[in-house]
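Worksheet: one structure, shown below.
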Amino acid sequence: GNDLNIAHQLSGFVSNPMEYAEASKVSLYSIADYTWNMDAYSSQNSWERALNELMPEHVDAFRIFCQHNIDLGPTGHGLRRQGESAAFKQAAEAFSKATANGYNEAAVEAMTKEFDTMVNAADELLKSIDEPEMISEIAPWLQVMKIIGQRGQLIMIMHTLLEKGNEKAFIATYEKLIKLEQAQKAVISRGFEGSIKKPNPTVANEVVGPFLKANTKNLIRNYKSKHTYRTDIFPAELLEEG
């Protein structure tokens, strides 16, 4: 949020990195760029160079990870970052428009690819032997990103199964979805002895998370309006349909 013409007003610049030294280098790179040559600074160009410098063998996968890790989620000081999951947001808006009047196979396939991208990027980085210090630090967030992508894949499958009227497969897929949600909640970012908190990593919380929640809710309601098979498996709603 700082301007590019304030160099003559400053005698120094202090940064406050995370406890994760390697992951902090993404931001530290841009801070160094900014303070070195403020007049020529471009946040986007600096960010891209940081990705190439820090993860040269997996730039595309690392970019996807970073794009889904912009917002901090709810915090004590209220700071929120905008612009997370920008490409996904466009795809989600297109999906919602295409399915406004009912099932759309092409829209489901397009949305599935977005979730495939998340899963594949997480897998690539988790399996990498390059930059082991960085991978070790971000591993919990990678695990959560993969699970979120897998949840999305299942939700898209459920759209198709509901359209086909396949009750048993729909319920079986929903059960897998619930297990993934539980697995996501079980991931902690730090659990070492003496740690005050054992927080659950927040990933893709600004756009992808609400999309998953809304689609799951709509799928359940649509299923219950057409079928009775094992509807007791779903969470009870205090007020259904208003």
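If you go through the stretch 45-78 and pick out every residue that is within 20 Å of the chain's Cα centre (by Cα) and open to solvent by 70 Å² or more (accessible area, probe 1.4 Å), you end up with 3.
Determine, yes or no, whether residue 89 is among the basic types (Lys, Arg) and closer than 16 Å to residue 204 by Cβ. It is true that residue 89 is among the basic types (Lys, Arg) and closer than 16 Å to residue 204 by Cβ. Residue under question is residue 202, and the condition is that it be at pLDDT below 95 and within 22 Å of the chain's Cα centre (by Cα); does it hold? Here the answer is yes, as residue 202 does meet what is asked. Where helices (runs of 4 or more DSSP H) sit wholly within the stretch 92-194, those with at least 1 residues that are buried (at least 19 other Cβ atoms within 10 Å of the Cβ) and small (Gly, Ala, Ser) occupy 105-127, 132-164. The number of residues in the stretch 1-44 being open to solvent by 50 Å² or more (accessible area, probe 1.4 Å), among the small types (Gly, Ala, Ser) and in a helix (DSSP H, G or I) comes to 6.
Taken over the stretch 95-142, the criterion of being at positive phi and of a type in the set (D, E, K, R) is satisfied by 131 alone.
Assessment of the stretch 216-238 against the conditions (closer than 23 Å to residue 144 by Cα, among the acidic types (Asp, Glu) and loosely packed, with under 14 Cβ neighbours inside 10 Å) yields no matching residue. Restricting attention to the stretch 50-84, the residues that are closer than 25 Å to residue 132 by Cα and assigned to a loop (DSSP other than H, G, I, E, B) add up to 9. For residue 134, the conditions (1) out of contact with any Phe, Trp or Tyr (no Cβ under 9 Å at 6 or more places or on another chain); (2) under 21 Å from residue 23 (Cα atoms) are fulfilled apart from (1). Checked against (1) part of a loop (DSSP other than H, G, I, E, B); (2) open to solvent by 70 Å² or more (accessible area, probe 1.4 Å), residue 206 passes all but condition (2). For the stretch 192-206, the count of residues that are without any contact (Cβ under 8 Å) to a residue 24 or more places away in the chain and under 27 Å from residue 228 (Cβ atoms) is zero.
Taking every residue in the stretch 4-30 that is closer than 15 Å to residue 136 by Cα and pairing it with any residue that is open to solvent by less than 100 Å² (accessible area, probe 1.4 Å) and assigned to a loop (DSSP other than H, G, I, E, B), at least 6 positions away or on another chain, the pairs with Cβ-Cβ distances below 6 Å are 24/17.
The values are calculated or read from the model by the stated rules, or taken from the named source; none is laboratory data. Please read all numbers here as calculations on a predicted model, not as lab measurements. No Cβ is skipped: glycine too gets one built from the backbone with ideal geometry, and neighbour counts run over all protein chains shown. Just the protein is used for accessible areas: all its heavy atoms, side chains included, with ligands, DNA and RNA removed. Shrake-Rupley method; radii C 1.70, N 1.55, O 1.52, S 1.80 Å.
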